[in-house]
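Structure, as structure tokens:
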Amino acid sequence: VDASGRVYVGGVETLGYLAPDEQGSTKYVSLLDKLSPADRQFSDVWNICITGDGVYFQTKERLLRFAKGVFRSWVPAQSFHFAFAVHDQLYILQKGVGLQRLQHDQLETVPGGERFANERIYALLPWSADALLIGTRDHGWFIEEGGHYRPWLADHADALKAAQIYGALWLGHDRLAVATLQAGVLGWDRRGNEIDRIDTGSGLLGDTVYRM
């Protein structure tokens, strides 16, 4: 959802937004006709990120930005994994390259970001005004500041790997909710203490959580 309240939508081989028609009913408006034929060649839209530069639709095959009625695209050497918007900055993981950010319309690898070239990042959040919290599937969590990376939740690395993280969000300043594929939702504080768990034992119909 952008600052004006417009809801953007991505799906299988499609992208667009929701808007009222002449009768006031909400309809899906496709933006495929604004894409070049080559840029229509994508499978699924996995993430939609909004920054001051526009609306980014992230697919494995392309990163597409829609701004002022026009699309621009970036194509990976191999494929993209997930994209994230943090501190109004667009970050994206490129397979075989690492964690990158979009600077002046160019994709550049963040300092030390090549360490994630063969990793999967499922969470990228602000840790502070100048630092990032990065959650990976296989090598745990890191706090990045000034190009330096230090482990976070290292004492719980095996349990979190088994839980298979799939996303995270901050609930206020000191509480992190982590979606997993095997253990429901895990709650942690900044000191690395597990403070909550929502799973089948507390009412979920299943322990696989894709989005919060």
Qualifying positions in the range 84-125 - over 15 Å from the mean Cα position of the chain (by Cα), farther than 25 Å from Thr180 by Cβ and among the basic types (Lys, Arg): none
Within the range 1-28, which residues are of a type in the set (Gly, Ala, Ser), open to solvent by less than 50 Å² (accessible area, probe 1.4 Å) and either in a loop (DSSP other than H, G, I, E, B) or over 21 Å from Leu63 (Cβ atoms) (or both)? Gly5, Ala19
Tell me, which residue of the range 41-55 that is over 20 Å from Gln78 (Cα atoms) and not in a strand (DSSP E or B) is most open to solvent (accessible area, probe 1.4 Å)? Asp53
In this structure, does Ala183 turn out to be of a type in the set (A, V, I, L, M), open to solvent by less than 70 Å² (accessible area, probe 1.4 Å) and either part of a strand (DSSP E or B) or in contact with a Phe, Trp or Tyr (Cβ under 6 Å, 6 or more places away or on another chain) (or both)? no
Do you know which residues across the range 148-174 are assigned to a loop (DSSP other than H, G, I, E, B) and open to solvent by less than 20 Å² (accessible area, probe 1.4 Å)? Leu153
Return yes or no: is Gln78 of a type outside the set (Gly, Ala, Ser) and in contact with a strand residue (DSSP E or B) (Cβ under 8 Å, 6 or more places away or on another chain)? yes
Of (1) closer than 24 Å to Leu169 by Cα; (2) touching a strand residue (DSSP E or B) at 6+ places or on another chain (Cβ under 7 Å), Gly52 satisfies all except one. Which? (2)
Pairs only if they're at least six apart or on different chains, beta carbon under 7 angstrom, first in the range 150-175 and touching a residue at least 24 places away in the same chain (Cβ under 8 Å) and within 16 Å of Leu124 (Cα to Cα), second open to solvent by 40 Å² or more (accessible area, probe 1.4 Å) and among the small types (Gly, Ala, Ser); list them, first residue then second. none
Positions within the range 90-142 being on the phi < 0 side of the Ramachandran plot and among the charged types (D, E, K, R), in sequence order: Lys95, Arg101, Glu108, Glu114, Arg115, Glu119, Arg120, Asp130, Arg137, Asp138
Suppose we keep only residues that are in contact with a Gly (Cβ under 9 Å, 6 or more places away or on another chain) and in a loop (DSSP other than H, G, I, E, B) within the range 56-106. Which one would you say is farthest from Phe42 (Cα to Cα)? Asp88
Just for the range 186-197: of the residues that are open to solvent by 70 Å² or more (accessible area, probe 1.4 Å) and outside any loop (DSSP other than H, G, I, E, B), which one is farthest from Ile165 (Cα to Cα)? Ile195
Is the range 200-211 home to any residue that is of a type in the set (D, E, K, R), open to solvent by 40 Å² or more (accessible area, probe 1.4 Å) and at pLDDT below 95? yes
Any hit, the range 127-143, residues being in contact with a Ser or Thr (Cβ under 8 Å, 6 or more places away or on another chain), free of Cβ contacts under 8 Å to residues at least 60 places away in the same chain and surrounded by fewer than 15 Cβ atoms within 10 Å (Cβ to Cβ): no
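The values are calculated or read from the model by the stated rules, or taken from the named source; none is laboratory data. These figures come from a predicted structure and were not determined experimentally. In this analysis, Cβ positions are derived from the backbone assuming ideal geometry, glycine residues included, and neighbour counts consider all displayed protein chains. SASA here: full protein model, heavy atoms, side chains in, ligands and nucleic acids out. Shrake-Rupley method; radii C 1.70, N 1.55, O 1.52, S 1.80 Å.
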